[in-house]
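Enquirer: Let me begin by handing over the structure; questions about it come next.
The values are calculated or read from the model by the stated rules, or taken from the named source; none is laboratory data. Note that the structure is predicted; figures quoted are calculated from it, not measured. FYI the Cβ positions are ideal-geometry reconstructions off the backbone, even for glycines, and counts take in every protein chain you see. We work out accessible area using only protein heavy atoms, side chains counted, and drop any ligands, DNA or RNA first. Shrake-Rupley method; radii C 1.70, N 1.55, O 1.52, S 1.80 Å.
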Amino acid sequence: MSRHPEVKWAQRLDKVFITVLLPDAKNAKVNLEPEGVFTFSASAGAEDHLYELKLELHDKVNVEESKINIGVRSIFCILEKAEKVWWKKLLRGDGKPPHYLKVDWDKWVDEDEDDGGLANNFDLGGMDFSNFGNMGMGGMGDDAMGEFDESDDEDQEVAKPGKAEGAAKTDDKENLEEKKEAASST
């Protein structure tokens, strides 16, 4: 009996990111069909359990332009959409998504915030992904993918121009007055 690996996904106007989280996957096979059928199989774990996955995606994809990297901890795929439109969900049908499918909040961008820039920042190390269909790739390692550029700016609070300067001046005046009072009281 096969198991399902944990899968994370995110999208942009023109792409869908799928990450299959399966450390030390052996004999990983990935297939993508133009109709939007994504299949995956591999064995992993101390007992070499079989993991399989079939996702019927919301819409069609461009197989030739899609990319994949099989690393030590995960299998990362960038699927090019056939049409540049936002999908309301990842999978076809009206049913509830499977429990192993989760949103990848690290890569998620809302539709109104998508400028296409972040999707182009993924460094795939110059690897040739032209033979995406029916791949039996393995052992590429995490180094083939490089590090994603993640901005530290997301966690910083940005003040509006004018207010930030005024607030800083007010804080400086208050600190100066406190120092004067402390100095005069001694």
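Enquirer: Would a scan of the stretch 96-113 turn up a residue that is among the aliphatic types (A, V, I, L, M) and touching an Asp or Glu at 6+ places or on another chain (Cβ under 6 Å)? Please lay out each step first, then the result.
Expert: Pass one, the stretch 96-113, residues among the aliphatic types (A, V, I, L, M): 101, 103, 109.
Remaining after also requiring touching an Asp or Glu at 6+ places or on another chain (Cβ under 6 Å): none.
No.
Enquirer: Also: For the stretch 70-86, enumerate the residues that are at pLDDT 95 or above and open to solvent by less than 40 Å² (accessible area, probe 1.4 Å).
Expert: Selection gives S74, I75, F76, C77, I78, L79, E80, K81.
Enquirer: When only residues in the stretch 94-115 that are over 18 Å from F17 (Cβ atoms) and assigned to a loop (DSSP other than H, G, I, E, B) count, which is most open to solvent (accessible area, probe 1.4 Å)?
Expert: That would be K96.
Enquirer: Let me confirm something: among K89, K84, which residue is assigned to a loop (DSSP other than H, G, I, E, B) and in contact with a His (Cβ under 7 Å, 6 or more places away or on another chain)?
Expert: Every option except K89 fails the conditions.
Enquirer: Just checking, which of S43, S2 is among the hydroxyl-bearing types (S, T, Y), closer than 19 Å to Y100 by Cα and in contact with a His (Cβ under 7 Å, 6 or more places away or on another chain)?
Expert: S43
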